[in-house]
Each structure stands twice: as C-alpha cells, then as structure tokens.
There are 2 protein chains.
Amino acid sequence: MTEQVTEAEYRSRLMDGMAAAVAEKGYAETTIADIVRLARVSKRTFYQHFASKEECLLALYTAATDQLIEVIRRAIEGAHDMHSRVRCAHRAYLQRIKEHPLLMRTLFIEILAAGSRGLQVRRAANQRFADLLRATGADQQYDSPQKRHITPALAMAIVGGINELILQAMESNQIERLLEIEEPATALLEAVLARPIADD
Amino acid sequence: MTEQVTEAEYRSRLMDGMAAAVAEKGYAETTIADIVRLARVSKRTFYQHFASKEECLLALYTAATDQLIEVIRRAIEGAHDMHSRVRCAHRAYLQRIKEHPLLMRTLFIEILAAGSRGLQVRRAANQRFADLLRATGADQQYDSPQKRHITPALAMAIVGGINELILQAMESNQIERLLEIEEPATALLEAVLARPIADD
C-alpha cells in the first residue's frame, strides 16, 4: 500500500515547514523554497494550499493560537486555586515564547504588518484568549461569590495588556526578560478578579 | 516685509495637510499631491522635510501623541479626586478619537503596518501615556497612602489594555461604540489602583 497523505496533512506539514523556516531565519528571509524543502512537498503542493507566503503565515498564526490555548488549558487543569492557575498559565505561555523566540516574534509582530486579514486573525486569537480567561474567571466565582465576574471588555483589556508587555520585551529584543512579565501580568489579572463589587 | 515661514512652520503645515487628507479620504488614498495642496506648499518643500508619505505619517503620529497627552493633562487638571480624573481623562481622549475617526484609525491601525519605525514611534507614545498614568497614580498616593504605586510594567499593561479596547472598536468600524470603553477602561485602572498591598 502506498503512503496516503491527506490534504489536511499536507497543509499541516506546510505550516510546520513555515514555522521551522521562520524559527531558523525569521519571516522576512523565509522563502517558499525553504518552506517546501522543510515540509518535503513540491512548490505545486504549496500553491494548492496557500496563495502566498502571507496566506501561510495567517494559517500558521491560527494553528499556533490553537496550540497555545491548549498549552494554557492544560496548565490550568493542573492547578487548583485561582492564584496558582494564573501563575501556571502565564508560565506555560511565556515558556513557549522563550522556546520559539523567532517564531513568536513573527506571530506577535509581523502579523501586525499583514493588513486587514492580519488584524482579523489577531482579533480572533485575542477573542479566544479573552474567552478562556472568562471561563477561568467564572470558575473563580464559585470559590468566593463576592468576586466579580470578568466582563468580555475587561477580559479583552487584560489580554491586550499582557500582549503589550510581551510586545515591549520583543521589540527591545529582550526575550530573556519575558519571564519578568509574570509578576505584572499576574498583578493585573488578580487586581481585576479581586476588585470590589460596590460599583456594580 | 515679506511673510517669513520658518522650517518648523512648513513641517507643521505639512503634518496638518497630511492629517486633513487622511481625515478626508484615509491613509491609503492620500497622495503627496493632496498633502501639499492642503498645506499650501510645493512638492519640493515636502521632500525637503520628509522622504516619503510614511515618514510624514510617523511625524504626524508623534505630533498627534503630543496633542493627546496635552488634552489629557488638561482634563486631569480640572478634576480633583482620582475617580473623576480617570473619567475626565478617558472622556477627553475618546471624544478626540470620535471627532477625528479616520485620522485616529490611521494612527491606531496603519502605524502597525509601518515596520520597525512604526513600532518605535508607537512604543514611544505608549511609554508617554504610561508615564502620565504613573504621574497621576503617584498623586493618588498622597490621598490615601495605603494605595499601591503603579509600577512601570503595570502602567504599560493598562495602556495596552485600553488600546486593545480602542482597536477592537475601530477594527469593527464601531467608532460610535468608543464611549462604551469608558466603563471597562476605568474599571481596569481603578482595580489596579485599589489592589491590596498585602502581596508587596
């Protein structure tokens, strides 16, 4: 029997090829030739799945978001109280960024240059992080009913705030300082979770 | 005596021309011909001050930040307690965005596509907003010494969080919903200002 490679597998291979190329030499230097070589497919196969390098970036962005959400979800499952959940989630997230600095730089920074479709996939990703945050915040309500529910807008503000700290470290090429973000990011989230209900 | 126009005035006129053109037709549609017509200067003068349309955008971005910082500083001066300061600052800021939606869209969104120099001016602007926030937070300490000082990282996270809410409204072309941001933005800031000092 010959090896059966489904279309979905080709697509996934191409995104892995893109990620490997970007991790190696950055997005700007990455060529479609690099991607197909690392993916062990033909250029023709590339163009059957993606119209351009940017299109492949957008797909990779979405796939990488899926993985990050999964990493965070698993980190949260292992922790029992809210405080350690927040810490575990941040650590898992930041550890992943530290492990793949060039790839993450692409996903955080270069996506901003990808026009309105770049903004669209970024917005969808932020929405998923905000939803995950709210789901976690909602659990918290059962522990201590006086704690306020996180509204969708507040959850998005927290996601934006943490992203800003990550961008700040990345823009200054201080990827090694990323773990320093844990403290302010945790403080931000915990301040919101602990805020009084008086002004509801 | 003939009219003396200094180089600084030409530069300022060109940025006003750029702002007017962008407010009228958006950044993508704006041409250098539009800018010089509205600025009442020659194309030659444009190129004496800016190498390109993008260069002029970067300068406008910085000038618009100066104005926004000034608007917010004045709004804060008129308010006496922290709560009304925060509200006045947000209202002044959001009002300005509502008055110049296309211009502000350019400054919030198109700057992201302006490569590393775009990120640089954006980072400098965010730093100024974060510094202003900290200066205001420091005043607060005198009112109630048990309130925690806002660290530089937390101030940047708040700026990023509020920006995210503005971006969300702008990306969905819901500029009319911008004033709805006031509540979550204020809640975010007040939660951080009011957080307990126990875990210092």
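Listing for the model above:
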read-out	value
Cβ-placed point charges (K, R +1; D, E -1), dipole of the protein assembly as shown about Cα centre in debye, nearest 20	700
Residue exposure sequence - B:Val5, B:Val86, B:Val71 - by fewest surrounding Cβ within 10 Å	B:Val5, B:Val71, B:Val86
Kyte-Doolittle mean at least 0.0, axial Cα span of 18 Å or more - DSSP H helices of chain B	B:53-77, B:152-171
In chain A, lysine pairs with alpha-carbon atoms under 23 angstrom apart (chain gap of 8 or more, or interchain)	4
Label point 7 Å beyond Cα along the C-beta direction, distances from A:Glu9 to other copies (nm, shortest first)	7.3
Ranked B:His49, B:His149, criterion: other C-beta atoms within 10 Å, fewest first	B:His149, B:His49
Solvent-free Debye scattering, log10 I(q)/I(0), computed from the Cα coordinates of the protein assembly as shown at q = 0.06, 0.12, 0.13 Å⁻¹	-0.28, -1.02, -1.16
Shape box of the stretch A:53-194 [Cα atoms, principal axes, largest first, Å]	49, 29, 23
Dipole magnitude (debye, nearest 20) for chain B, charges at Cβ of Lys, Arg, Asp, Glu	400
Leading residue at positive end of dipole, the protein assembly as shown (Cβ point charges), from B:Ala19, A:Thr151, B:Ile166	B:Ala19
7 Å along Cα→Cβ, label-point gaps from A:Leu179 to other copies, nm, shortest first	4.8
For A:Arg44, label point 7 Å along C-beta direction: distances to other copies, nm	5.9
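Quick note: the coordinates plus some simple rules give every number you see, no bench work behind them. All of these numbers come straight from a predicted model, not from anything done at the bench. Using ideal geometry, Cβ is built from the backbone for each residue, glycine included, and neighbour counts are taken over all protein chains shown.
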